[in-house]
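Here's the structure, in structure tokens; my notes come after.
The values are calculated or read from the model by the stated rules, or taken from the named source; none is laboratory data. None of the values given here were measured: they were computed from a predicted structure. Please note: Cβ atoms are built from the backbone with ideal geometry, for glycine as well, and neighbour counts cover all protein chains shown. Calculation scope for accessible area: heavy atoms of the full protein, side chains included, ligands and nucleic acids excluded. Shrake-Rupley method; radii C 1.70, N 1.55, O 1.52, S 1.80 Å.
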Amino acid sequence: MKITAAITAVAGFVPEDVLTNEDLVKMVPTTAEWIETRTGIKERRILKGEGLGTSDMCVKAIEMLLKKRGISPLEIDMIIVGTVTPDFVFPSTSNVICDKVGATNAWGYDLSAACSGFVFGLVTGSQFIETGKYKKVIVVGADKMSSILDYTDRSTCIIFGDGAGAVLLEPNTEGYGVLDSILGVDGSGRKYLHQKAGGSVKPPTHQTIDAKEHFVYQDGQPVFKRAVVGMADVSAAIMQKNNLTSEDVNWLVPHQANKRIIDVTAERMGVPPEKVMLNIQRYGNTTAGTIPLCLWDYESQLKKGDNLIISTFGAGFTWGAIYIKWAYNGK
Ligand code: UT7
């Protein structure tokens, strides 16, 4: 009997503090209208409070996940965290989370794939279920983007927000769960979207701080162009590979980077807007957080047997699509 990895619970956390487009107008030369028409974003959440990091948002999401599923943290085998804003360079955010939630029987690690972090993590976590090795794997996508944003740079600070989403993976023998995936990377795209300093190539110094090299650097246009093509291509490819027509697809779950990228992807797949999960207007781009936060927001509308196409494109470049047969009724 083939074992597949089914998502059996979803949870999320976004911080209370809201940063609206109107707030940003007071900080950088922009307009609320420019931001909304160019990106689809109206507001985003910001994690405030000294000593709070990505792990704290993950802990909130995981605690909700465990409660929803009615299980103890001791049952968790593994926690994989997709993030580019780990609490520390080391140890991993997963380590910190295992301690904070009391998952003392679990192990895990962080996975660095920027906006594709959750998708890469979901595929990776699924393998541990499919082999029969583990029974309960948590995959988290989370970023505290506000910790690496320059709030004087209008081209980046308007896009991103903070948030975390988590899913629980369990074995299924009835054909539900993660059924297929296509993943890719192209490291030659790194120059368009990255953090210049703080790594081993350019360790932090006073000079790197003064030059603001610890913030997100993005050349928006080339990233946009590649993302539009990349996300639409990989989404169409996974449909074709699995003989899925647009009617077969119940939900597109796209990375929320820019509504215009999402629209092009949906159009290419022939999926109408009512089947496209969208929350960019409320949370902005939470990097690895966007996809699980969409699942969390739309969970009550999902039905057992729904065909979901998850799709992403991000820094690296990294991209991917996953075909999932949803395993439970959301209500
Ligand atoms: O999630 C990870 C992957 N990231 C992405 O997928 C992001 C992809 N890129 C984008 O979403 C878009 O490129 C942005 C939203 C970042 C920018 O939108 P755009 O339509 O590509 O704008 P642009 O960079 O081509 O800039 C157009 C104009 C420029 O002015 P000039 O040179 O035409 O006079 C910019 O200086 O818009 C200006 N601009 C702004 N104006 C008002 C840039 N940012 C702003 C702003 N407010 N916040």
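Results for (1) open to solvent by less than 10 Å² (accessible area, probe 1.4 Å); (2) of a type outside the set (D, E, K, R); (3) farther than 27 Å from residue 52 by Cβ, shown as yes or no for each residue.
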| residue | (1), (2), (3) |
| --- | --- |
| 101 | no, yes, no |
| 113 | yes, yes, no |
| 120 | no, yes, no |
| 125 | yes, yes, no |
| 130 | no, no, yes |
| 138 | yes, yes, no |
| 142 | yes, yes, no |
| 146 | no, yes, no |
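Could you grab me the full set of residues in region 305-327 that are among the small types (Gly, Ala, Ser) and more than 16 Å from the ligand (Cβ to nearest atom)?
Result: 305, 327.
Being of a type in the set (Lys, Arg), within 30 Å of residue 55 (Cα to Cα) and not assigned by TED's automatic domain parsing to the domain that holds residue 85 narrows it down to one residue among 212, 241; which is it?
Of the residues listed, the single one that is of a type in the set (Lys, Arg), within 30 Å of residue 55 (Cα to Cα) and not assigned by TED's automatic domain parsing to the domain that holds residue 85 is 212.
If you take the residues in region 3-22 that are assigned to a loop (DSSP other than H, G, I, E, B) and touching a helix residue (DSSP H, G or I) at 6+ places or on another chain (Cβ under 8 Å), which one is surrounded by the most Cβ atoms within 10 Å (Cβ to Cβ)?
This residue is 14.
Any chance region 95-111 includes a residue that's part of a helix (DSSP H, G or I), at negative phi and within 16 Å of the ligand (Cβ to nearest atom)?
Taking every residue of region 95-111 in turn, none turns out to be part of a helix (DSSP H, G or I), at negative phi and within 16 Å of the ligand (Cβ to nearest atom).
Can you tell me which residues in region 26-40 are more than 9 Å from the ligand (Cβ to nearest atom) and either within 11 Å of residue 154 (Cα to Cα) or not in a helix (DSSP H, G or I) (or both)?
26, 27, 40
Only one of these is under 28 Å from residue 57 (Cα atoms) and not β-branched (Val, Ile, Thr): 175, 270, 199. Name it.
Step by step, each of 175, 270, 199 is checked, and only 199 is under 28 Å from residue 57 (Cα atoms) and not β-branched (Val, Ile, Thr).
Please return the ranges of helices (runs of 4 or more DSSP H) entirely within region 172-282 where 1 or more residues are touching a residue at least 24 places away in the same chain (Cβ under 8 Å).
Where helices (runs of 4 or more DSSP H) fall fully within region 172-282 and carry at least 1 residues being touching a residue at least 24 places away in the same chain (Cβ under 8 Å), they are 220-241, 259-269.
Against the condition within 16 Å of the ligand (Cβ to nearest atom) and either without any contact (Cβ under 8 Å) to a residue 40 or more places away in the chain or more than 17 Å from the chain's Cα centre (by Cα) (or both), how does residue 155 come out, does it pass?
yes
Give 217, 151, 192, 176 a once-over and let me know the one that is open to solvent by 30 Å² or more (accessible area, probe 1.4 Å) and touching a Cys at 6+ places or on another chain (Cβ under 9 Å).
Only one candidate qualifies: 151.
Where residues in region 48-81 are in a loop (DSSP other than H, G, I, E, B) and open to solvent by less than 20 Å² (accessible area, probe 1.4 Å), which of them is farthest from residue 155 (Cα to Cα)?
76
Go through (1) outside any helix (DSSP H, G or I); (2) within 16 Å of residue 238 (Cβ to Cβ); (3) not β-branched (Val, Ile, Thr) for residue 303 and report which single condition fails.
(2)
Of the numbered conditions (1) of a type outside the set (Gly, Ala, Ser); (2) within 14 Å of the ligand (Cβ to nearest atom); (3) within 21 Å of residue 11 (Cα to Cα), residue 135 fails exactly one; give the number of that condition.
The number of the failed condition is (2).
Can you name every residue in region 237-277 that is of a type in the set (A, V, I, L, M, F, W, C), over 20 Å from the mean Cα position of the chain (by Cα) and either within 13 Å of the ligand (Cβ to nearest atom) or surrounded by fewer than 19 Cβ atoms within 10 Å (Cβ to Cβ) (or both)?
Within region 237-277, 237, 244 meet the criteria.
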